[in-house]
Amino acid sequence: MDLHFGDSRPTDEERAAVDTLLGPPVSAWDAGPGSDGSGRSEKDLRWARGGHAARERRDLLLPGLHAVNDRVGWISEGALAYLCRRLMVPPAEAYGVATFYSMFSLRPRPTTVVHACTDLACAARGADRVCAGLEAAGVSFERSPCLGLCERAPAALVVRAGESPVTAVVAPAAAGAVAEAARAPADAGPEPVAADAVPQAGQDGLVLLRRVGAVDPYSLDDYRAHGGYTALRRAFALGPAAVIREVTESGLVGRGGAAFPTGRKWQATASQPDGPHYLVCNADESEPGTFKDRVVMEGDPYAVVEAMTVAGYAVGAHRGYLYLRGEYPRALGLLENALTQARARGLLGDDVLGQGYAFDIEIRRGAGAYICGEETALFNSIEGYRGEPRSKPPFPVEKGLFGKPTAANNVETLVNVLPVLTRGAEAFAAAETKLFCVSGSVSRPGVYELPFGATLGDLLELAGKPERMRAVLLGGAAGGFVRPDEMDIPLTFEGTRAAGTTLGSGVVLVLDDRVELPRILLRIAEFFRDESCGQCVPCRVGTVRQEEALRRIADRTGAAAVDDIALLREVGRAMRDASICGLGQTAWNAVESAIDRLGAYA
Amino acid sequence: MTAVPLGLPRRLVEFTLDGETVRAPEGSTILDACRAEGKDVPTLCQGDTLTPKNACRVCVVEVEGARTLAPACSRRAEPGMSVRTDSERTRHSRKVVLELLASSVDMSTTPGVAGWIEEYGAEPGRFGPDAARVEEDPKVDNELYVRDYGKCILCYKCVDACGEQWQNTFAIAVAGRGFDARISTEHAAPLTDSACVYCGNCIEVCPTGALSFKSEFDMRAAGTWDESAQTETTTVCAYCGVGCNVTLHVQDNDIVKVTSPHDNPVTHGNLCIKGRFGFAHVQNRD
């Protein structure tokens, strides 16, 4: 590799940010003393650094970009060049990676950045007013896709870079409060506890949300006092093969949206002869309207750690990665604390629970890219490449993270494994539950846990549906709309499929009749246009053409919209058929369902 | 005498292609099998010297039982699979993909595309005059070649040729995201400030003419570029002892472009700066 780094130098602050992550450079070959033109030392000349050993650290590129962005607020040419020298990454590639993520800036910007959510749930609850207020007050802000705070919409996230970066969440947001938080983020009040997002908190019959609100999310002892780590003990008693059998028999399927049988995925990973095996927890919860994983991670973080350990044990992995979306600062803090505590107590590390099994977990932060929730894009992101999906086959169970067999599971899927083990497969299957993220025009928005088989009507009864409901969006931007007269749709994967819609990640966004449907559809189209990675043509250009057509017919109906609707159908069909990944394949779902089920533009 | 490596004999995979049973060597792609059967499948991001990125999606085919269409260039033939290359579904996706491409970039110098647009009945104009296009001025920052990203379909071939598949120089990568994604050096710096070594192997693989010799670019601008008036002469590069084949494209007794045969076992179509661009002395008539 013939690397060329240019002449840009980092500032002391940028250098310190990178060195804090990577340690100081060891020789002139990786930007140490002498590399600035003063000459390599005798020792440097006898001992070249580079090759595979240096390039194997490529996966630290994204953490390195975060380190600089957290410290300075943006990534300068000098900082990028220094990071590239340290990791032996070609600068053009690092630039391609840095420009992929919306939370990074390659141009100077103020140290304080305000992300005002303008996505579906927030748009339905007055995000426009917040943005207008901020503009009037002269506060600079970025319009952000869903921040996962839908139960408290409209939401804003303030990030201030510095030696110890400060974040503040303002939700529900008013322009004045956001402006105040932007001025002094450290003084913003504490966020409400995670249990406030769970209207059912403390009720009997909860399985996955049982501990949310009941335990201190910081305390490992409290977690154990509430039944924590019994599942892992049971797993060790059973052995990996029996754990997989138990999970298979429980009938558990993936909760990220694809509903693939978890036991089969684990079995396929565990049986691969190639090694090492990896476990990945997909906590890149970016589907607009989804916030269940955030609530679980904030309310019961040790459960995620324990469940990952069980999963790692079952699939024969000794290393787990938790890929957390960058917009979840509180979940990050709680999970980091949980990992530290678990390590200190021998629940992670070389000898978990004295059973001779080594397992540890590393958290990797996303940086603002919906597509990284796609598992192969997530692998690329961890590995330090652009978060572009790979084509399948080969599937992750065969060639996943770092090209090795990988089991990738969503947070909710993993925490389901705990009751599978503590209760047994049969008892679990008899009372299997699902989390739903209810937001929009309801009186009690939040995460709800209901047994499979409950209907949409049951759920909205709990959440307090509006008197004059226009539609419900199931499954988020990639999902579909249903009508107010379809309340008897059973909330199961099969039931929603039979009704011609999807459960997806469990989003239930309720819209009352004041909502301007064309505005919502346009927002969905903008979202997909923004979040398309750009790799394949149907999605890269198709999402643009979809948005253009929806903009043209925003105020039109009937015959005036017919041509554009025909165009939308043709483009939508090609996106669904020919895109590489689920983003492009589902980018037309919601619009199609609004036209066909709700009679939009009719 | 040239030694031709034959490799180990491969087993044959039997599957159904458009209703007919065909056999293809194990490991072949559906595209390989289609071409062996004489079926024309359009391709843009696939190249004979590179592993395809399967990003353009113009070669999609219908595999029975699959939820979505599959890229023929990358999907391997499997025993018993049933593939349709000419179904209504395939034709629809190909048509729309061609429309999306031709409405967003300048495809006037893409060989073959005009024929496919006609064959599939694509109407790139139907997205209206306000449809977003990639508006980029050609980047002329050196004497050797020009990057005209208004013609780029983001097939990733130049990035792969510059990077790990051939040259290992890594001067360019894809930057940005979605419709704003572009092939770029770091911070969009001029090539002269980048790691580029001017091997021109990116030009060799570019399917649209977004990358071209400066000589070709200037002649096109002047309206004098005429491929029908060009001769191609393959000879051996005289610079060093490697023995690369070079094909000299000559118009009006001037070398206007240099390529290398893709099936040449020495170059696989690649050259270095000397073989690719070091021809000026041949034309020094003083």
Looking only at residues in the range A:517-535 that are facing another protein chain (nearest Cβ under 7 Å) and touching a strand residue (DSSP E or B) at 6+ places or on another chain (Cβ under 9 Å), which one is surrounded by the most Cβ atoms within 10 Å (Cβ to Cβ)?
A:Gln535
Can you confirm whether the range B:204-218 contains a residue that is crowded, with 20+ Cβ neighbours inside 10 Å, among the hydrophobic types (A, V, I, L, M, F, W, C), free of Cβ contacts under 8 Å to residues at least 60 places away in the same chain and in contact with a Leu (Cβ under 8 Å, 6 or more places away or on another chain)?
no
So is B:Val258 in contact with a helix residue (DSSP H, G or I) (Cβ under 7 Å, 6 or more places away or on another chain) and within 28 Å of B:Asp137 (Cβ to Cβ) or not?
yes
Those residues that are over 28 Å from B:Ala280 (Cα atoms) and assigned to a loop (DSSP other than H, G, I, E, B), I need them from the range B:132-174; list them, please.
B:Ala132, B:Arg133, B:Val134, B:Glu135, B:Glu136, B:Cys152, B:Ile153, B:Leu154, B:Cys155, B:Tyr156, B:Glu164, B:Gln165
Within the range A:76-83, identify whether any single residue is within 13 Å of another protein chain (Cβ to nearest Cβ), charged (D, E, K, R) and over 20 Å from A:Gly162 (Cα atoms), and answer yes or no.
no
Note down all Cβ pairs under 7 Å where the first residue falls in the range A:374-400 and is free of Cβ contacts under 8 Å to residues at least 12 places away in the same chain, the second is crowded, with 24+ Cβ neighbours inside 10 Å and not in a helix (DSSP H, G or I), and they're at least six residues apart or on different chains.
A:Asn380/A:Arg386; A:Asn380/A:Gly387; A:Asn380/A:Glu388
Only one of B:Pro9, B:Pro79 is part of a loop (DSSP other than H, G, I, E, B), out of contact with any helix residue (DSSP H, G or I) (no Cβ under 8 Å at 6 or more places or on another chain), touching a residue at least 60 places away in the same chain (Cβ under 8 Å) and surrounded by fewer than 22 Cβ atoms within 10 Å (Cβ to Cβ); which?
B:Pro79
Restricting the range A:391-416 to residues that are of a type in the set (Lys, Arg) and at pLDDT 95 or above, the one farthest from A:Ala303 (Cα to Cα) turns out to be A:Lys399
I'm trying to understand the selection: among the residues of the range A:378-410, which are outside any loop (DSSP other than H, G, I, E, B) and within 17 Å of A:Pro261 (Cβ to Cβ)?
A:Thr406, A:Ala407, A:Ala408, A:Asn409, A:Asn410
Here the residues within the range A:31-69 that are closer than 29 Å to A:Pro165 by Cβ, in contact with a helix residue (DSSP H, G or I) (Cβ under 7 Å, 6 or more places away or on another chain) and of a type outside the set (A, V, I, L, M, F, W, C) are A:Ser35, A:Arg57, A:Arg58, A:Asp59, A:Pro63, A:Gly64
Give the range A:571-583 a look and list any residue that's within 9 Å of chain B (Cβ to nearest Cβ), of a type in the set (Gly, Ala, Ser) and in a helix (DSSP H, G or I), or say none.
A:Ala574, A:Ala578
Checklist (1) touching a residue at least 24 places away in the same chain (Cβ under 8 Å); (2) of a type in the set (S, T, N, Q); (3) out of contact with any strand residue (DSSP E or B) (no Cβ under 8 Å at 6 or more places or on another chain) applied to A:Asn282, failing item:
(3)
Tell me which residues, restricted to the range A:411-450, are closer than 28 Å to A:Leu511 by Cβ and either free of Cβ contacts under 8 Å to residues at least 24 places away in the same chain or assigned to a loop (DSSP other than H, G, I, E, B) (or both).
A:Ser441, A:Val442, A:Ser443, A:Arg444, A:Pro445
Pick out the one residue from B:Cys158, B:Cys152 that is touching a helix residue (DSSP H, G or I) at 6+ places or on another chain (Cβ under 8 Å) and either closer than 22 Å to A:Cys581 by Cβ or more than 10 Å from chain A (Cβ to nearest Cβ) (or both).
B:Cys158
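For every residue, the table says whether it meets (1) over 23 Å from A:Ser381 (Cβ atoms); (2) hydroxyl-bearing (Ser, Thr, Tyr); (3) outside any loop (DSSP other than H, G, I, E, B); (4) in contact with an Asp or Glu (Cβ under 6 Å, 6 or more places away or on another chain).
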position	(1), (2), (3), (4)
A:Leu208	yes, no, no, yes
A:Arg211	yes, no, no, yes
A:Phe236	yes, no, yes, no
A:Asn282	no, no, yes, no
A:Pro288	no, no, no, yes
Touching an Asp or Glu at 6+ places or on another chain (Cβ under 6 Å), free of Cβ contacts under 8 Å to residues at least 24 places away in the same chain and at the interface with another protein chain (Cβ under 9 Å from one of its Cβ atoms): is that true of B:Thr90 in this structure?
no
Being over 17 Å from the mean Cα position of the chain (by Cα), more than 7 Å from chain A (Cβ to nearest Cβ) and among the aromatic types (Phe, Trp, Tyr) is the filter here; which residues of the range B:171-216 pass it?
B:Tyr198
In the range B:32-70, residues that are within 14 Å of another protein chain (Cβ to nearest Cβ) and either touching a helix residue (DSSP H, G or I) at 6+ places or on another chain (Cβ under 6 Å) or surrounded by 15 or more Cβ atoms within 10 Å (Cβ to Cβ) (or both) total 21
Of the residues in the range A:90-109, those that are more than 7 Å from chain B (Cβ to nearest Cβ) and either of a type in the set (Phe, Trp, Tyr) or over 19 Å from A:Gly326 (Cα atoms) (or both) come to A:Tyr101, A:Phe104, A:Arg107, A:Pro108
Residues satisfying the stated conditions in the range A:130-185, i.e. of a type in the set (Lys, Arg) and within 27 Å of A:Pro199 (Cα to Cα)
A:Arg152
Determine which single condition A:Ala31 fails, assuming it passes every other condition in (1) in contact (Cβ under 8 Å) with a residue 40 or more places away in the chain; (2) more than 25 Å from B:Phe170 (Cα to Cα); (3) over 32 Å from the mean Cα position of the chain (by Cα).
(2)
If you take the residues in the range A:544-563 that are facing another protein chain (nearest Cβ under 7 Å) and not acidic (Asp, Glu), which one is farthest from B:Asp180 (Cα to Cα)?
A:Arg545
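The values are calculated or read from the model by the stated rules, or taken from the named source; none is laboratory data. Values in this document were obtained by computation on a predicted structure and should not be read as measured data. Reconstructed Cβ throughout: ideal geometry from the backbone, glycine too, with neighbour counts over all protein chains shown.
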